[in-house]
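Asks: Below are the structure tokens for one structure; questions will follow.
The values are calculated or read from the model by the stated rules, or taken from the named source; none is laboratory data. Note that this is a predicted model, so its numbers are computed, not measured. Positions of Cβ are backbone-derived with ideal geometry, glycine not excepted, and every protein chain shown enters the neighbour counts. Please note that ligands, DNA and RNA were not included when accessible areas were found on the heavy atoms of the full protein model with its side chains. Shrake-Rupley method; radii C 1.70, N 1.55, O 1.52, S 1.80 Å.
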Amino acid sequence: MDFNLKKLTSDAGVFFTRAVQFTEEKLGSAEKTELDAHLENLIARADCTKNWTEKIFRQTEVLLQPNPSARIEEFFYEKLDKKIPSRTTNGELLGQYMLDAAKDFGPGTPYGSTLITVGEYQSRLGGAEREFLQTSAINFLTPLRNFLEGDWRTISKERRLLENRRLDLDICKARVKKAKQAEAKAAAEQELRVAQTEFDRQAEVTRLLLEGISSTHVNHLRCLHEFVEAQATYYAQCHQYMQELQKELSSANSDTYPNSFASNANPSTSATCPSPVSSATLPGVSPPCLASSSTPGIAQEPSGPLKIPDVQQPSTGHRKAKVLYDYDAHDTSELSLLADELITVYTVPGMDPDWLVGERGNQKGKVPVTYLELLS
């Protein structure tokens, strides 16, 4: 107990003398031993490396896991040395919702079968995202974290020790200057030699650690290449999946709605003109033509605005329809709609099956079928 008390008293005295020396240096009333230029440059380079590594690490964490609550949870799992539980990615969750919805809507219906197809691809996208997150965490985040929590802490500890050795050296230099008697001066000079030796030894240890920053840069450069490679692989997989999904949907649509893809029946022709309505039946009106689609499986709208002339055209299926959503006309051939209003609709031979002619009072124009609920 006595030994501990003496040591505590000694440490408190050392701390006090160092604090006095540090304060006097700041006030300019005491001399300060400067580090050599090479060591100062190494310290500045190390500080720069630490600051930017920390920023890159934090932002990469945000990129890979945008949810702050999830990041905090993962942080505590790491500190407790426990395995981070596997998380379902957003893509996988969306895919599962779509598959469950398809069961309720009926997998045999067009909507249900499409939900199944899209849901499966969403699950694949989620799986690719999971693999990308795991690869990036191992190959990029972990090395950065090891530097910040390992190498940098060691460097910081040795730098603090070097600062203490410098303060002790300057304290001894001040004592030598203040010593008047030969005996006191000799003792102060002996303390100065010991302090100088300890300072030089600590400066060398710190210098060697700081020079290791170059190796850190080489390691982080390799990790950066691996991160970019993981990103390239992930985005390439996503692009491939989306191309495959588009092809499947185009094929399914052409089978479900064959009339919508009549323009692709003969690719060599530039336009396909329906023939049920002749120019003799409608004086001065040419039948609408569907331009050939440049994208396989996608039906094009009529090349020009559909004109609704005052001449009575042959039409079929006059019915009432309820408007489900607001719709703003894109040109004068279309009719703007307001949700919940009732209009009269009918079709004209040669029209795109996704459109009907709508009438509201004296107003007339094309309206999209998807915005309507046909009433019997």
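Asks: Test residue 124 against the criterion of being at pLDDT 90 or above, basic (Lys, Arg) and within 30 Å of residue 44 (Cβ to Cβ), and give yes or no. Give the derivation first.
Replies: Values: at pLDDT 90 or above: yes; basic (Lys, Arg): yes; within 30 Å of residue 44 (Cβ to Cβ): no.
Answer is no for this residue.
Asks: Let me ask something else about it. Has segment 228-250 got any residue that is within 16 Å of residue 35 (Cα to Cα), in a helix (DSSP H, G or I), among the acidic types (Asp, Glu) and in contact (Cβ under 8 Å) with a residue 24 or more places away in the chain?
Replies: Within segment 228-250, not a single residue is within 16 Å of residue 35 (Cα to Cα), in a helix (DSSP H, G or I), among the acidic types (Asp, Glu) and in contact (Cβ under 8 Å) with a residue 24 or more places away in the chain.
Asks: Go through segment 86-130 and count every residue that is acidic (Asp, Glu) and surrounded by fewer than 14 Cβ atoms within 10 Å (Cβ to Cβ).
Replies: Qualifying residue count for the region: 2.
Asks: Does residue 261 meet the test of being modelled with pLDDT under 95 and hydrophobic (A, V, I, L, M, F, W, C)?
Replies: yes
Asks: Could you grab the pairs with beta carbons closer than 7 Å, sequence gap of 6+ or different chains, first residue in segment 1-30 and in a helix (DSSP H, G or I), second one open to solvent by 100 Å² or more (accessible area, probe 1.4 Å) and at pLDDT below 70?
Replies: none
Asks: If the Cβ limit is 7 Å and pairs must be 6+ apart or interchain, which residue in segment 108-130 that is in the same structural domain as residue 243 (by the TED database) pairs with which residue that is outside any helix (DSSP H, G or I) and surrounded by 16 or more Cβ atoms within 10 Å (Cβ to Cβ)?
Replies: Final answer for the pair search is 126/89; 129/89; 130/89.
Asks: So which residues in segment 359-370 are more than 11 Å from residue 336 (Cα to Cα), touching a residue at least 12 places away in the same chain (Cβ under 8 Å) and open to solvent by 70 Å² or more (accessible area, probe 1.4 Å), if there are any at all?
Replies: Pass one, segment 359-370, residues more than 11 Å from residue 336 (Cα to Cα): 361-362, 369-370.
Pick out the ones that are also touching a residue at least 12 places away in the same chain (Cβ under 8 Å) and you get 369-370.
Result: 370, single match.
Asks: Could you tell me how many of the residues in segment 172-203 are more than 23 Å from residue 158 (Cα to Cα) and either among the basic types (Lys, Arg) or in contact (Cβ under 8 Å) with a residue 24 or more places away in the chain (or both)?
Replies: The initial filter retains those residues of segment 172-203 that are more than 23 Å from residue 158 (Cα to Cα), namely 174-190.
So of that shortlist, the ones also either among the basic types (Lys, Arg) or in contact (Cβ under 8 Å) with a residue 24 or more places away in the chain (or both) come out as 174-175, 177-178, 180, 185.
So the answer is 6.
Asks: Looking at segment 164-188, which of the residues that are assigned to a helix (DSSP H, G or I), open to solvent by 70 Å² or more (accessible area, probe 1.4 Å) and of a type in the set (D, E, K, R) is farthest from residue 204 (Cα to Cα)?
Replies: 183
Asks: Going by what's in this entry, would residue 27 be described as modelled with pLDDT of 80 or more, out of contact with any Gly (no Cβ under 9 Å at 6 or more places or on another chain), open to solvent by 100 Å² or more (accessible area, probe 1.4 Å) and not basic (Lys, Arg)? Even if it seems obvious, please write down each step before you answer.
Replies: On the way: modelled with pLDDT of 80 or more: yes; out of contact with any Gly (no Cβ under 9 Å at 6 or more places or on another chain): yes; open to solvent by 100 Å² or more (accessible area, probe 1.4 Å): yes; not basic (Lys, Arg): yes.
Yes; evaluated as a whole, the condition is true for this residue.
Asks: Being open to solvent by 50 Å² or more (accessible area, probe 1.4 Å) and either free of Cβ contacts under 8 Å to residues at least 12 places away in the same chain or assigned to a helix (DSSP H, G or I) (or both): is that true of residue 158 here?
Replies: The answer is no for residue 158.
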